[in-house]
1. Can you work out which of the residues in the range 238-260 that are in contact with a Gly (Cβ under 7 Å, 6 or more places away or on another chain) and surrounded by fewer than 22 Cβ atoms within 10 Å (Cβ to Cβ) is farthest from Asn76 (Cα to Cα)?
2. So the check is Cβ under 9 Å with 6+ separation or different chains; which pairs have a first residue in the range 79-107 that's closer than 17 Å to Val38 by Cα and a second one that's in a loop (DSSP other than H, G, I, E, B) and among the β-branched types (Val, Ile, Thr)?
3. Note down all Cβ pairs under 8 Å where the first residue falls in the range 198-222 and is in contact (Cβ under 8 Å) with a residue 12 or more places away in the chain and under 23 Å from Ala40 (Cα atoms), the second is of a type in the set (Phe, Trp, Tyr) and part of a helix (DSSP H, G or I), and they're at least six residues apart or on different chains.
4. Being closer than 28 Å to Ala42 by Cα, at pLDDT 95 or above and of a type in the set (Ser, Thr, Tyr) narrows it down to one residue among Thr125, Thr133; which is it?
5. If you check Ser85 against the conditions, is it among the polar types (S, T, N, Q), in a strand (DSSP E or B) and either in the same structural domain as Ala295 (by TED's automatic domain parsing) or under 14 Å from Ala273 (Cα atoms) (or both)?
6. Scan the helices (runs of 4 or more DSSP H) fully inside the range 153-234 and keep the ones with 1 or more residues being within 20 Å of the chain's Cα centre (by Cα) and surrounded by fewer than 17 Cβ atoms within 10 Å (Cβ to Cβ).
7. Check the range 27-43 and report whether any residue there is at pLDDT 95 or above, touching a Pro at 6+ places or on another chain (Cβ under 6 Å) and aliphatic (A, V, I, L, M).
8. Taking into account only those residues within the range 267-315 that are buried (at least 20 other Cβ atoms within 10 Å of the Cβ) and of a type in the set (Val, Ile, Thr), which is nearest to the chain's Cα centre (by Cα)?
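The values are calculated or read from the model by the stated rules, or taken from the named source; none is laboratory data. Since the structure is predicted, the reported quantities are computational estimates derived from the model, not experimental observations. Using ideal geometry, Cβ is built from the backbone for each residue, glycine included, and neighbour counts are taken over all protein chains shown.
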Amino acid sequence: MPFVRPGRIACIALVSLIPLASSAHAAVAGGKPIRILVGAPAGGTTDTLARTIAQEMSRELDQPVVVDNRPGAGGNIAADLVAKSPADGTTLLMSFTSHTINATLYKKLPFDPIQDFTPITLVATVPSVLVATPKLPANNIPELIRLARTEPGKLNFGIGSVGSSVHLAGDMFKMMTGTYIVNIPYKGTTPALTDLLAGQVDLMFASTLNVAGHVKAGRLKVLGVTSPTPLPQFPGAQPIGATVKGFESSAWFGLFGPANLPPELTQAIYQAARHGLDAPEVRKRLEQDGAQPQAMPPEAFGNFVRQDVKRWATVVRYSGAVPE
């Protein structure tokens, strides 16, 4: 076999990929804008990440990419619309941890969380923080536990979405500390956060993306973080796991298409999202807010989703959570 220089091999490989890339680009940019459906209200973490990735994908694909908020039922309304959409790449879903939690939380869904979707990429993971109104007479986790045990049922958690990762983080906290704190459910992160800021609720597990600005302004205080190590944007706040051994929780956010999305379209959309997340200014902005950009290839993301369904099934059953 004749010797071929490595540089020549690279050139041949690059040239061979050009027709595929052009074909995929043409298929995605077929004249219609791409809609990314978000099963949460505007202003929440899922919405924020969707708008960030939509802007970057639009630039990469040279095509309009718009966000369409369809909140309700823990993200199931948006998911169902995408599951029943044509597999042509023009309707996508920015989903979150509830996608895999709902597989167990709901006894019956109008779609299969695994079979009815094409995993495209993980976008980011986001640890949560336990925040409180400044007037709460507790400034850290040991003080909160003592307060909750002294006055069981007096404190309450604002729940942005029943069955969400932050909801289950609260239930996990109560189970692991033997405390009784009342859950007050809301239809979305934004209304729950609004009431927390107004002092209508005491506590809330929330994404770092949603509360960093309020903490910096002194409107909320952080009692602890759900990550295994401290977060630089919340100096002085210790991991909850430092007091409650084994406690850890993070949310994930990812991009899906309907089932049977052609591989070339899946790859084109994945590459556009990956390039966007790799942009230094995007990474810096997300990391400053506590999000960890984590583009993951479609096959690996699919495996991740399947494993996450199994992981949350145990937690959901133990908590006894039921959808409102």
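1. Checked the range 238-260; the qualifying residue farthest from Asn76 (Cα to Cα) is Gln238.
2. Correct list of pairs: Thr100/Ile114.
3. If the second residue must be of a type in the set (Phe, Trp, Tyr) and part of a helix (DSSP H, G or I), the pairs left are Phe205/Phe173.
4. Thr133
5. no
6. Values: elements: 165-177, 189-197, 208-216.
In the range 153-234, 189-197, 208-216 are the helices (runs of 4 or more DSSP H) which contain 1 or more residues that are within 20 Å of the chain's Cα centre (by Cα) and surrounded by fewer than 17 Cβ atoms within 10 Å (Cβ to Cβ).
7. The answer is no; no qualifying residue exists.
8. Val305
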